[in-house]
Amino acid sequence: MLSFAVDFPSQVRHAAQVGAAFPAPDHLRSPANIVLAGMGGSAVAGDFLARLCEKKLAVPFVVCRGYRIPGFVGSDTLFIASSHSGNTEETLEATREACRRKARVLCVTTGGKLGELARRRKLLLLVIPQTQPPMPPRAALGYSFIPLVSVLGALGLYPGARRQIQETIALLAAVRDRLGPEIPERSNQAKQLARRLFGRIPWVQGTVGTMSAAAYRWRCQFNENSKVLAYSSEYPELNHNEVVGWELPAAMAEPFEVIILTGPDDYYRVRARVEVTRGMIAPKARTHMLEAEGQSPLAQLMGTVYLGDLTSLYLAFLNGVDPAAIGPINCLKSRLAELRGPHRR
């Protein structure tokens, strides 16, 4: 897992080449709406795309996590089926339904049953690399996400994609040089943060937009890599509910460590809310403010995500756990496989 993280800038560079080489057909242009179906790490790519595009995209973008798809999906929908392994049962069922509704389906996968479905039904198929040893979906974020940025750019749905991808690659390489495993803790922000989180419960708050998506990714990486409970929330929404919860007794709040992810382009009222809320939380829990680096929204998002990925791995080592292991998920899949359900082709 650490080697995958160290190689992440190279993965993103290769993923950009994969996306640029994919011939996006004209019939994908001008959809009435976009739906990305996926689970886990594959769905995070949808979160990132939706947040990146929301200020420029003239149509709705919905991420579907589950077996069912929205009722509006139809022939004018760009439906992206994202499954790294190609065997995610929720995504497969959602994709079959999208096919029945004549949606414009694009499958993104290394192969598996989704790849077979795409070939059998002559669906558009964007094949992403399967590494050796195989890369867990959460470590393959570059492959599941960056080619789609390229595709949306080629379709005119995300202007400036190529330039932003190039900036992102350069920023990720710089972050690796500062925070990689060979950099000692005294000058390594990710290792320092992991040390502060050791024995604590991370609570990651992100400002609305890309930093909110990044906060969710941090939470998931702490769950899967570090094997700890973690939570995430979004400004300004948390000011209408969560903030009241911080009135809990100090002894109950003691295990929490709050990480606040902000962006340089945050709306000024959101920035004010962050400062006021941080002051309200400070008597109960230690807080850490982290502002995204980079000029473009894509670079800011991916640089912040990379910091979180490395922090989660360093915390895993402090916890003495294997960051690659996902025993409970495998157990759940095994138990579900024993249950009989309706036959589906």
**Request:** Note down the Stokes-Einstein diffusion coefficient of the chain in µm²/s, whole number, using a Kirkwood radius over alpha carbon pairs, 4 °C, and 1.567 mPa s.
**Result:** 62 µm²/s
**Prompt:** Hey, what angle do you get for helix 210-221 against the long axis of the chain, alpha-carbon based, 0 to 90 degrees rounded to 10?
**Reply:** 80 degrees
**Message:** As I understand it, the value is the acute angle between the Cα axis of helix 297-319 and the longest principal axis of the Cα atoms of the chain; what does it come to in degrees, rounded to 10?
**Reply:** 60 degrees
**Prompt:** Which loop chymotrypsin sites (Phe, Trp or Tyr not before Pro) in the range 44-75, with loop taken from DSSP, have no more than 16 other Cβ atoms within 10 angstrom of their Cβ?
**Reply:** Tyr67, Phe72
**Helix 141-154 vs. the chain, principal-axis angle (Cα, 0 to 90°, nearest 10)** = 60 degrees
**Asked** Hey, what do the phi angles of the range 53-64 turn into as Karplus ³J(HN,Hα) couplings, whole Hz, using 6.51/-1.76/1.60 and θ = phi - 60°, x for Gly and Pro?
**Response** 8, 4, 7, 10, 6, 8, 10, x, 10, 10, 9, 10
**Request:** Show me 132-142, 192-202, 324-334 ranked by packing, highest mean number of other Cβ atoms within 10 Å first.
**Result:** 132-142, 192-202, 324-334
**Complete:** Straight-line reach check, Lys227, cutoff 23 Å on alpha carbons, 8 or more apart in-chain or any other chain, hits among lysines -> Lys191, Lys333
**Request:** Once you have the Cα-Cα distance between Arg68 and Asp177, take 0.36 nm times their residue separation minus that, and quote the gain in nm to one decimal.
**Result:** 35.0 nm
**Asked** Once amide H atoms are placed 1.01 Å from N in the peptide plane, what residues at a sequence separation of 5 or more from His288, or on another chain, have their amide H within under 5 Å of its amide H?
**Response** Val258, Ile259, Ile260
**Request:** Provide the gained length on full extension for the span Glu185 to Leu229, in nm with one decimal, where the gain is 0.36 nm per separating residue minus the Cα-Cα distance.
**Result:** 13.4 nm
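Students often check this: by mean Cβ neighbours within 10 Å, which of 222-228, 13-19, 287-293 ranks highest, and how do the rest follow?
My ranking of the peptides, most packed first, is 222-228, 13-19, 287-293.
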**Asked** Ordered by packing density, taken as the mean number of other Cβ atoms within 10 Å over each peptide's residues, highest first, how do 152-162, 238-248 rank?
**Response** 152-162, 238-248
**Asked** How long is the gain from Gln166 to His240 if the chain were fully straight, where each residue apart is worth 0.36 nm and the alpha carbon distance is subtracted?
**Response** 22.8 nm
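Quick note: the coordinates plus some simple rules give every number you see, no bench work behind them. These numbers were taken from a predicted model, which means no experiment stands behind them. Every residue, glycine as well, gets a Cβ built from its backbone with ideal geometry; the counts of neighbours run over all protein chains shown.
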